[in-house]
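We did not get these values from a lab; they are worked out from the coordinates using the rules stated. Just so it is clear, the structure is predicted and the values come from calculations on it, not from any experiment. Note: ideal-geometry Cβ built from the backbone for every residue, glycine included; neighbour counts use all protein chains shown.
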Amino acid sequence: MKLAEIQAALLADLADVRTDEALNLVRARYTGKDGLVTNLRKNVDFSTMPIEEKRSFGGAFNDLKSTTDEAIRQAAARIAASGAHDVVPFDFTLPGTDHRLGAIHPILSTQIEIEDIFRSMGFQVFAGDEAVSEFENFDALNIPGDHPARDMQDTFWLENGMVLRTHTSSMQNRALRKLGAPVRAIFPGRCFRNEALDITHENTFYQLEGLMVDRDVSVANLIAVMRDFLSQVFRREIEVRLRPGFFPFVEPGFELDFKTTLNGVRRWVELMPCGMVHPAVLRNAGIDPAEFSGFAFGLGLTRLAMLKHGVPDVRLFNKADLRFCQQFHASL
Ligand code: FA5
């Protein structure tokens, strides 16, 4: 074959090439050990060739060689751009791709569990806002501007006069106005305080408020509901006790403790403040305290999640450290 014929045949072969495998065959046919271009050089006896002929053959051969290399390089680039060499046969016997599913955050899973328990006792879940009026967070709860109780909750004030709610009690007035009496409701949600942070104090944490207002509601109802609720959460009979506690929006007010074993020692653990709704709070929501009475409680949802899961430091919850979150397998 003449040089020009070889070049024409090469270009025709490359035009049909679509895959790496096909290109390798063409490459072997022309530039391989026994290829057409390679043999062309091998079969020439330069020793007997006149110098003029040697020059013209050498120049033509070098042109053919570089045209061949360049044409093969371009064909390889075309195949790469087409993505054809990515196509691998599908192996149906390989294990499937493992898509990682998210999991419910331990505070939310605790909240969902508690909501289910209270729903079964006839309570409804009332959603609230995180930014509330000063009235809702304080005044409606019998905490006027000059009341020292305001200092107990170091507050984030917004420029428009609203506050980031310091407690879910800020929803009491709204819930009572909207739902009226009699009512049984819980309102879980995020609260904010300008706290000095430590292992039990966060600036952003969750509470779950409960409110039951009806005719003849007494402290006995409060104790019964709390004992029933905690026994379901901890899946065993729970003993509770009340100690006096002060909150301007309940009268009488209590701290509720429950008995549990912590670090091998059986003891009372403080769990949540609660009390009988103050008549002023009912009046502020248009409810007649002569007809209705009720109880309220403010559960530290974040602290309960700590107790349930044995989490030693409250700050772990907000750290967004996957190693921490992945320990809880309450998947969606
Ligand atoms: C209150 O917030 C009252 N509103 C509770 C209440 C409701 C009393 C209804 C009476 C009737 P206190 O400030 O103690 O109370 O907070 C209640 C719970 O929220 C605490 O027991 C604790 O579990 C949780 N808590 C308070 N501050 C923080 C914090 N900085 N970080 C994590 N949890 C907190």
Treating only the Cβ atoms of Lys and Arg (+1) and Asp and Glu (-1) as charged, compute the dipole magnitude of the range 39-142 about its Cα centre; round to the nearest 20 debye.
1440 debye
Please give the length that would be gained between A28 and A280 if that part of the chain were fully extended, namely 0.36 nm times their separation in residues minus their C-alpha to C-alpha distance (nm, one decimal).
81.1 nm
Note: R227 to K319 extended length (0.36 nm per residue) minus current alpha-carbon separation gives 29.9 nm
If you take the Cα Rg of the range 1-148 and divide it by 2.2 N^0.38 Å, with N the number of residues, what do you get?
2.67
Would you compute, from DSSP H runs of 4+ residues alone, the mean residue ellipticity of the chain at 222 nm, taking -39500 (n - 2.57) per run and dividing by the full residue count, rounded to the nearest 500?
-11500 deg cm²/dmol
Put a dot 7 Å past each Cα toward the Cβ at V125 and F92; how far apart are the dots in nm?
4.4 nm
Projected onto the charge dipole of the chain (unit charges on the beta-carbon of Lys, Arg, Asp and Glu, signs +1, +1, -1, -1), the Cα from L262, G300, L208 with the largest positive-side position is that of L262
Spin-label pair N194/K178, simplified geometry with 7 Å Cα→Cβ offset, distance in nm:
2.9 nm
Let me know the charge dipole size of the range 191-332 about its Cα centre in debye, to the nearest 20, where only the beta-carbon of Lys, Arg (+1) and Asp, Glu (-1) is charged.
580 debye
Show me, for the range 241-246, the HN-Hα J-couplings you get by feeding each phi into the Karplus relation (A = 6.51, B = -1.76, C = 1.60, θ = phi - 60°), rounded to Hz, glycine and proline as x.
9, 10, 10, x, x, 10
Using θ = phi - 60° and Karplus 6.51 cos²θ - 1.76 cosθ + 1.60, couplings along the range 50-60 (whole Hz; Gly, Pro as x)
x, 4, 4, 5, 4, 5, 6, 5, x, x, 5
Inter-part distance where the range 1-65 and the range 122-194 are each reduced to a Cα centre, Å:
88 Å
Computed about the Cα centre, the charge dipole of the chain from +1 Lys/Arg and -1 Asp/Glu charges at the Cβ has a magnitude in debye, to the nearest 20, of 760 debye
Using a Gaussian network model of the chain with C-alpha springs under 10 Å, which one of R241, R184, R266 is most mobile by mean-square fluctuation?
R266
Just to confirm the filter: which GluC sites (Glu not before Pro) across the range 220-269 are DSSP coil and have at most 10 other Cβ within 10 angstrom of their Cβ?
E237
In whole Hz, the Karplus estimates of ³J(HN,Hα) for the range 295-301 (6.51, -1.76, 1.60; θ = phi - 60°; x where Gly or Pro) are 10, 9, 9, x, 7, x, 4
Count the lysine pairs in the chain whose Cα atoms lie under 24 Å apart, taking only pairs 8 or more positions apart in sequence or on different chains.
12
Of V125, V217, V26, which is the most mobile in a GNM of the chain whose springs link Cα atoms less than 10 angstrom apart?
V26
So between F135 and S66, what do we pick up on full extension, going 0.36 nm a residue minus the alpha carbon distance?
16.2 nm
I'd like to know which of T166, H309, P148 lies farthest towards the positive end of the charge dipole of the chain, counting +1 on Cβ of Lys and Arg and -1 on Cβ of Asp and Glu.
H309
Compactness of the range 213-332 - radius of gyration and Dmax, Cα, Å:
17.4, 54
Using only Cα atoms, find the angle between the long axis of helix 219-234 and the longest principal axis of the chain, and express it within 0 to 90 degrees, rounded to the nearest 10.
30 degrees
Solution diffusion estimate, µm²/s, Stokes-Einstein, the range 3-82, Kirkwood Rh from C-alpha pairs, 25 °C, viscosity 0.890 mPa s
182 µm²/s
Which values, in whole Å and largest first, are the semi-axes of the equivalent ellipsoid of the chain obtained as the square root of 5 times each eigenvalue of the Cα gyration tensor?
84, 22, 18
If I model a spin label at E159 and H147 as a point 7 Å from the Cα along the Cα→Cβ vector, what separation in nanometres do I get?
3.0 nm
Give the Rg (one decimal place) followed by the Dmax (whole number) of the range 109-189, computed from C-alpha coordinates and expressed in Å.
14.0, 41
